[in-house]
Amino acid sequence: MLSLHRDWDDIMEKEDHQQGEEQEVKICDSSSETLATSLSLLGNHMFPDSVQRNDSSDSQLSDLAAAVEPCLKSEPSDHVTRRENEGPENGVPTQPADTEPEDADVENEQSDSGDFVAEMLAKAKLEEQGIGLKGRSSPLLEAGNDESPALMSHRDEDVTAESWRQHRKHVFVLSEAGKPIYSRYGSEEALSSTMGVMMALVSFVQSGDNVIRSVYSDGHTVVFLQKGPLVLVCVSSSRQSEQQLRGELLYVYYQIISMLTQASISRIFEHKKNYDLRRLLAGSEKILDGLLNLVDSDPSFLLAAVHCLPLTCSLRDSLSQILQKAITPNLVFSILIAKNQLLTIVQEKTVIEDTRLEPADVHLLLNLIGASSAFQAGEIWTPICLPLFNPDCYFYAYISYLDPPDCTVCLLLLSTDKEAFYAVAECKRKIEEAMVTQKSLSLIAKAQSYSVSQVGVSDLRHFMYKPFDVPDHYRQLSQFTSPEMEAPYSSEEEKMRLLDLYRYMHSRIHSTSRPLKLIYHVAERETLLAWVTSKFELYTCFSPLVTKACAITAITKLLRWIKKEEDRLFIRYPAKYSTTPNPSKSSRGAKSDQQDSTDNGFLSLL
Amino acid sequence: MNVGKTSLLHRYMDRTFKDTISTVGGAFFLKQWGPYHISIWDTAGREQFHGLGSMYCRGAAAVILTYDVTSWQSLAELEERFLSLTDTAHHDCIYAIVGNKADLTDTNAQLAQDSDGHSGDSDSLERTDEQVLSACPTPPASPVSLSGLMPHKQVTHEDAVALYGRILRYKGLEETSSLPAEKMCFETSAKTGYNVDTLFETLFDLVLPSILRKRNENQGCTVNLEDSRGGGGSKRSRSGCC
Ligand SMILES: Nc1nc2c(ncn2[C@@H]2O[C@H](COP(=O)(O)OP(=O)(O)O)[C@@H](O)[C@H]2O)c(=O)[nH]1
Ligand SMILES: [Mg+2]
């Protein structure tokens with residue numbers, strides 16, 4: 001450990017602060033072995049072990065109680081052991097390995113709440129209904145389901161079927177009164193009894209002045225998140241940390257807020273505790289489905305940073321200028337997106353002095369665009385709330401593709417004026433014209449994500465780099481850069497496997513109880529190195545046989561390459577514009593006005 | 001909601017039917033019609049909640065009020081919730097009442113009508129059936145028949161004609177000086193293409209003269225796809241329960 005640390009100091013002379021924190025720098029060799037062991041099991045057990053099933057599994061009601069039930073029996077240390085041993089290989093049935101738990105740094109208050117829930121359950125005799133939630137998903141099963149999304153709607157799933165239980169990650173949203181609002185798989189209605197049990201759990205614990213946070217059971221993590229009148233639940237057989245799963249639930253909450261605003265949701269439930277929120281979310285399930293798929297497959301969410309498409313500085317600047325010139329009163333953000341990655345963001349001056357655009361808000365916008373791809377020929381005008389910007393007010397989003405019929409380049413304009421559609425659409429025509437004159441579309445078409453081979457470091461297979469060193473006065477959006485996932489990570493399964501490894505590394509780095517600065521992790525099929533400093537967060541993946549020394553040299557080269565390319569890889573200087581000499585209302589200023597209109601809208605529904 | 005507005009527009013514009021991705025907000029389309037561009041708004045429900053409905057209808061030359069023939073409630077909601085949104089339409093706006101998903105109730109609507117139209121996959125047919133059967137409350141006028149596999153047609157042509165009459169009265173228009181109900185009530189299937197071209201082209205032909213008359217006013221022509229939030233998903237929007 002110390003020798004590596006010294007190497008490290010050689011590389012980054014500037015990273016002095018590391019020296020004072022030696023204890024925190026922990027090289028997890030032991031954990032690597034544990035994981036290598038579990039990964040080797042993977043090859044031998046590609047299919048789930050014969051699944052223990054209760055013949056009388058006619059009621060979904062028992063699922064949750066079942067998920068919770070094993071906690072009654074297992075000691076906290078026992079379930080931590082299991083989690084460690086099974087490694088980050090999601091849904092892969094690994095037998096409890098005979099290795100020791102390497103350390104306890106994953107353990108935190110989770111076990112306490114688990115015990116608490118268990119106790120509550122014992123009192124309520126809910127465990128009598130338990131049948132053991134043994135179903136585990138296999139990547140193969142998942143892939144099978146994903147192949148035909150058009151033909152098979154998850155809404156229609158038979159929620160009593162084993163396949164339903166085997167989904168890697170279930171997400172449920174319910175109201176405080178226990179009314180179902182959303183379920184990722186199967187219709188919420190068919191699941192209302194399950195939701196009822198979850199609600200019972202939550203209220204038990206609330207009555208004891210304690211909020212359920214999470215429950216572990218054999219192979220599953222159940223995480224609860226209460227936000228205002230909404231309760232969100234995740235039942236996951238992925239090996240993600242509670243913290244990560246809670247972060248994902250928060251994204252689901254934010255996406256719901258983005259459609260309805262926090263203020264109106266609160267008001268609705270103040271008026272009527274058992275209001276059926278699906279009345280207002282009807283048709284939006286696919287937006288939430290899409291979000292959850294993105295959360296699983298796109299590391300932007302994990303890193304809380306946005307991914308930009310690499311562009312030469314001059315092209316990015318010229319695009320920003322085009323956007324800066326096409327403005328109209330109350331326009332506050334102009335965003336250009338290609339291949340689901342950011343090209344540039346241009347912002348209204350006074351608004352951005354007020355606050356900055358958060359990555360999570362951008363993720364919600366990108367997801368919205370993905371969900372609206374059915375309207376490639378049309379121009380969309382929709383109210384949207386950016387929950388981190390202001391959870392209580394709407395923006396009005398104009399969305400249109402600039403390159404029909406290909407529809408890869410998308411323009412998103414955000415206004416604070418709901419009547420501004422035609423004025424904003426006119427901005428699009430100006431942008432279109434300028435882009436024709438400057439032949440921007442053909443230049444954008446040539447822009448691509450890059451290959452890791454361009455870095456010129458052998459053994460380096462993939463990486464994710466998130467810098468922290470953007471000067472604050474730019475009010476810059478958190479960004480990260482990452483090459484394409486190439487062989488051996490070309491198949492969906494392998495991509496997911498790599499992401500799961502990253503998620504595992506991320507959970508170690510960001511552990512609340514015992515954060516680590518550096519992890520060198522030898523797995524069977526690759527070697528990973530994660531490193532966080534005051535300047536960046538970096539995750540790298542190497543071929544398995546790389547030595548520590550090689551990895552370190554490689555990272556030095558990689559950091560140099562990124563430094564050299566940073567103008568191309570990131571949006572460096574976000575451009576600003578001013579739509580009016582003295583803007584009458586920024587989104588925040590317009591808050592009361594916006595709320596009035598929502599009020600009216602709401603009353604008319606009553 | 002879910003009555004098939006977006007599907008209708010897709011069928012007309014793209015000549016296809018797919019189990020569409022959910023409508024995000026309103027979508028604005030331009031259709032080339034001879035030398036003219038006709039603008040069409042596809043609305044997305046929740047308009048009242050957001051107070052956007054009036055914007056979609058502002059200055060409209062035609063409004064297409066769409067319901068689902070298998071859902072009596074979808075017709076009722078057109079009147080209860082959506083008619084008032086048309087207040088901002090142009091004063092000589094014309095109204096069409098369209099019963100979509102006719103393929104579910106009428107055998108002759110099951111045949112593809114467009115030359116290049118072909119029906120969607122049977123999966124989505126089954127899916128819609130299920131939704132409709134489980135979702136629709138028993139309407140007072142036309143009870144649900146559970147016989148046969150086809151969902152019972154809950155809204156008859158006469159129901160639509162009656163609604164048309166009430167709309168004219170609401171707008172303060174004389175039936176004699178307005179377009180006749182027979183001409184303005186359609187039954188369509190976005191799935192098979194049945195009557196879809198007829199619907200749009202009839203409307204375009206009807207609005208063009210009035211647009212040409214107003215040409216100097218420099219106003220575009222807007223056709224609105226106004227819907228009912230009821231439809232297949234009426235379980236989500238029981239009226240008056242709040
Ligand atoms: N059988 C049948 N289903 C339809 C028809 N039109 C739409 N649908 C289905 O009804 C659902 C809602 O359609 P959509 O166009 O999104 O409705 P909108 O909410 O009114 O825009 C989708 O599942 C469509 O596949 C039709 O003509 N026949
Ligand atoms: Mg629609």
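The values are calculated or read from the model by the stated rules, or taken from the named source; none is laboratory data. Values in this document were obtained by computation on a predicted structure and should not be read as measured data. Reconstructed Cβ throughout: ideal geometry from the backbone, glycine too, with neighbour counts over all protein chains shown. These accessible areas exclude ligands, DNA and RNA; they are computed on the full protein's heavy atoms, side chains included. Shrake-Rupley method; radii C 1.70, N 1.55, O 1.52, S 1.80 Å.
Just a few scattered comments:
- First in the range A:144-168 and within 12 Å of chain B (Cβ to nearest Cβ), second anywhere and open to solvent by less than 30 Å² (accessible area, probe 1.4 Å) and at pLDDT 60 or above, Cβ under 6 Å, 6 or more apart: A:HIS154/A:TYR185; A:ARG155/A:SER187; A:GLU157/A:TRP164; A:GLU157/A:TYR185; A:GLU157/A:GLY186
- For B:ASP227, the conditions (1) closer than 18 Å to B:ALA62 by Cβ; (2) open to solvent by 20 Å² or more (accessible area, probe 1.4 Å); (3) modelled with pLDDT under 85 are fulfilled apart from (2).
- Any chance A:ASP289 is modelled with pLDDT under 90, open to solvent by 20 Å² or more (accessible area, probe 1.4 Å) and of a type outside the set (Gly, Ala, Ser): no
- Of the residues making up the range A:378-391, those that are within 11 Å of chain B (Cβ to nearest Cβ) and either outside any strand (DSSP E or B) or touching a residue at least 24 places away in the same chain (Cβ under 8 Å) (or both) are A:GLY378, A:GLU379, A:TRP381, A:PRO383, A:ILE384, A:CYS385.
- Out of A:THR512, A:THR553, one residue alone is assigned to a loop (DSSP other than H, G, I, E, B), surrounded by fewer than 17 Cβ atoms within 10 Å (Cβ to Cβ) and of a type in the set (Ser, Thr, Tyr). It is A:THR512.
- Criterion violated by A:SER300 - all others in (1) touching a Leu at 6+ places or on another chain (Cβ under 9 Å); (2) more than 24 Å from A:GLN262 (Cβ to Cβ); (3) part of a helix (DSSP H, G or I) satisfied: (2)
- Any chance B:SER74 is open to solvent by 10 Å² or more (accessible area, probe 1.4 Å), among the hydroxyl-bearing types (Ser, Thr, Tyr) and part of a helix (DSSP H, G or I): no
- Selection from the range B:4-20 of residues that are within 11 Å of another protein chain (Cβ to nearest Cβ) and part of a loop (DSSP other than H, G, I, E, B): B:THR16, B:LYS18, B:ASP19, B:THR20
Per-residue answers, yes or no, for (1) more than 14 Å from chain B (Cβ to nearest Cβ); (2) free of Cβ contacts under 8 Å to residues at least 24 places away in the same chain:
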| residue | (1), (2) |
| --- | --- |
| A:VAL215 | yes, no |
| A:VAL233 | yes, no |
| A:SER238 | yes, no |
| A:GLU242 | yes, no |
| A:TYR254 | yes, no |
| A:ALA282 | no, yes |
| A:GLY290 | no, no |
| A:CYS308 | yes, no |
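- Considering B:LEU65, B:LEU8, the condition of being within 14 Å of ligand 2 (Cβ to nearest atom) and hydrophobic (A, V, I, L, M, F, W, C) is satisfied by B:LEU8 alone.
- Any chance A:SER451 is modelled with pLDDT of 95 or more and surrounded by fewer than 15 Cβ atoms within 10 Å (Cβ to Cβ): yes
- Take the conditions (1) open to solvent by less than 60 Å² (accessible area, probe 1.4 Å); (2) in the same structural domain as A:LEU545 (by TED's automatic domain parsing); (3) of a type in the set (A, V, I, L, M, F, W, C); A:ALA487 misses just one of them, which is (1).
- Output for the range A:392-433, where each listed residue is part of a loop (DSSP other than H, G, I, E, B) and within 11 Å of chain B (Cβ to nearest Cβ): A:TYR394, A:PRO405, A:ASP417, A:LYS418, A:GLU419, A:ALA420
- B:SER54 open to solvent by 20 Å² or more (accessible area, probe 1.4 Å), closer than 28 Å to A:ILE265 by Cα and within 13 Å of chain A (Cβ to nearest Cβ): yes
- Conditions (1) closer than 17 Å to A:LEU365 by Cβ; (2) open to solvent by 10 Å² or more (accessible area, probe 1.4 Å); number of the one not met by A:THR416: (2)
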